[in-house]
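One structure below.
The values are calculated or read from the model by the stated rules, or taken from the named source; none is laboratory data. All values reported here derive from a predicted model rather than from experimental measurement. With ideal geometry, Cβ positions are generated from the backbone for all residues, glycine too; neighbour counts draw on all protein chains shown. These area figures cover heavy atoms from the full protein model, side chains too; ligands, DNA and RNA do not enter into them. Shrake-Rupley method; radii C 1.70, N 1.55, O 1.52, S 1.80 Å.
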Amino acid sequence: MGSSKLIAVALLLPALLAFQAPMATAVNSNLFRDYIGAIFNGVKFTDVPINPKVRFDFILAFIIDYTTETNPPTPTNGKFNIFWQNTVLTPSAVASIKQSNPNVRVAVSMGGATVNDRPVFFNITSVDSWVNNAVESLTGIVRDNNLDGIDIDYEQFQVDPDTFTECVGRLITVLKAKGVIKFASIAPFGNAEVQRHYMALWAKYGAVIDYINFQFYAYGASTTAAQYIDFFNQQIVNYPGGNILASFTTAATTTSVPVETALSACRTLQKEGKLYGIFIWAADHSRSQGFKYETESQALLANATISY
């Protein structure tokens with residue numbers, strides 16, 4: 001994107017944000033989301049059970065603005081490359097699963113925790129150059145793969161919260177204004193540094209962020225259902241007006257919130273009218289379990305009293 005276009009975009013941003021619809025407070029809904037493709041174990045869209053009574057988002061994991069041809073990978077300042085298993089989760093597979101299931105959308109997640117077992121950092125040369133590069137590369141990836149939205153999952157940072165806010169907020173705003181994406185989500189968790197960055201982003205650009213995929217499972221294995229609900233209520237305060245999703249992981253781990261604890265909390269949140277949706281990390285792990293928890297979560301959401 002040239003400098004004259006960049007100036008035009010910068011001038012448009014306040015107007016675009018001003019005309020966004022007000023954010024609704026999170027209430028019961030039937031949104032289910034499942035990350036897929038990060039583990040490279042061959043899991044396919046068609047492996048995962050899809051309940052026709054829910055809104056279902058697959059989230060491809062990941063694209064990262066790091067090199068693919070160097071070891072170790074190095075930052076590319078907003079020029080994103082594909083790091084999901086795209087030999088299985090292909091553009092034709094995306095088109096087919098959406099055609100077969102009208103309630104399905106497919107998004108892609110940006111960032112993630114690691115690449116080749118090394119930390120992924122949000123690292124830029126300048127705000128303008130990162131936004132320009134990210135708009136161009138994401139437009140290509142989204143359109144080439146028939147995608148509908150993006151998810152922001154950076155977890156380590158080499159910039160301050162204000163810089164992260166401007167980069168990501170402007171990126172989402174421009175992609176929506178250009179009609180490249182229909183929705184965007186963020187994926188923070190209960191770490192002070194992570195929260196500083198994402199809460200700053202939410203404070204300025206919350207109007208263009210549709211969902212908050214909060215990683216509640218990161219709180220730890222000793223978490224009770226009551227504590228989970230307390231953590232959820234804290235995020236309602238931290239992200240006022242946001243559509244906050246409950247979550248759990250199906251990975252074999254002894255350090256995350258147990259699945260049954262999370263589901264118990266979800267049932268209580270639904271009774272309280274707060275369960276906007278559930279996301280799972282990740283279908284790759286769920287495969288060995290026969291997608292038991294995908295089925296159970298969707299059944300819970302399908303029975304919700306919908307008020308979105």
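Data table
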{"quantity": "Near pairs, Cβ below 8 angstrom, 6+ apart or cross-chain, from segment 283-294 (touching a residue at least 24 places away in the same chain (Cβ under 8 Å)) to any residue that is charged (D, E, K, R) and open to solvent by less than 40 Å² (accessible area, probe 1.4 Å)", "calculated": "Ala283/Asp34; Ala283/Glu294; Ser286/Asp34; Ser286/Glu294; Glu294/Asp34"}
{"quantity": "Qualifying residue in segment 224-242 (condition: outside any helix (DSSP H, G or I) and among the hydrophobic types (A, V, I, L, M, F, W, C))", "calculated": "no"}
{"quantity": "Selected residue (criterion: most open to solvent (accessible area, probe 1.4 Å)) from residues of segment 82-111 that are assigned to a strand (DSSP E or B) and within 30 Å of Lys53 (Cα to Cα)", "calculated": "Arg105"}
{"quantity": "Residues within segment 267-293 that are crowded, with 24+ Cβ neighbours inside 10 Å and over 18 Å from Val237 (Cα atoms), tallied", "calculated": "6"}
{"quantity": "Any hit, segment 268-291, residues being part of a helix (DSSP H, G or I) and β-branched (Val, Ile, Thr)", "calculated": "yes"}
{"quantity": "Matching entry among Thr249, Thr261, Thr295 (being out of contact with any strand residue (DSSP E or B) (no Cβ under 9 Å at 6 or more places or on another chain) and among the polar types (S, T, N, Q))", "calculated": "Thr295"}
{"quantity": "Ile150 open to solvent by less than 30 Å² (accessible area, probe 1.4 Å), in a strand (DSSP E or B) and over 26 Å from Glu296 (Cα atoms)", "calculated": "no"}
{"quantity": "Verdict on Thr255 being among the polar types (S, T, N, Q), closer than 22 Å to Ala61 by Cβ, out of contact with any strand residue (DSSP E or B) (no Cβ under 7 Å at 6 or more places or on another chain) and part of a helix (DSSP H, G or I)", "calculated": "no"}
{"quantity": "Any chance Leu171 is among the aliphatic types (A, V, I, L, M), over 19 Å from Leu245 (Cα atoms), in contact with a Phe, Trp or Tyr (Cβ under 9 Å, 6 or more places away or on another chain) and in contact (Cβ under 8 Å) with a residue 40 or more places away in the chain", "calculated": "yes"}
{"quantity": "Matching entry among Gly241, Gly206 (being in contact (Cβ under 8 Å) with a residue 60 or more places away in the chain, of a type in the set (Gly, Ala, Ser), surrounded by fewer than 16 Cβ atoms within 10 Å (Cβ to Cβ) and closer than 20 Å to Asp151 by Cβ)", "calculated": "Gly241"}
{"quantity": "Residues of segment 246-264 satisfying the condition of being at pLDDT 95 or above, of a type in the set (A, V, I, L, M) and farther than 17 Å from Thr295 by Cα", "calculated": "Val257"}
{"quantity": "Of the criteria (1) small (Gly, Ala, Ser); (2) touching a residue at least 40 places away in the same chain (Cβ under 8 Å); (3) not in a strand (DSSP E or B), which one Ser185 fails", "calculated": "(3)"}
{"quantity": "Restricting segment 11-46 to residues that are in a helix (DSSP H, G or I) and at pLDDT 55 or above, the residue that is surrounded by the fewest Cβ atoms within 10 Å (Cβ to Cβ)", "calculated": "Thr46"}
{"quantity": "Test: residue in segment 58-77 that is more than 19 Å from Asp151 (Cα to Cα), part of a helix (DSSP H, G or I) and among the hydroxyl-bearing types (Ser, Thr, Tyr)", "calculated": "no"}
{"quantity": "The lone exception for Ile141 - which of (1) under 30 Å from Asn30 (Cα atoms); (2) open to solvent by less than 10 Å² (accessible area, probe 1.4 Å) it fails", "calculated": "(2)"}
{"quantity": "Within segment 67-80, tally of residues that are touching a residue at least 24 places away in the same chain (Cβ under 8 Å) and open to solvent by 10 Å² or more (accessible area, probe 1.4 Å)", "calculated": "8"}
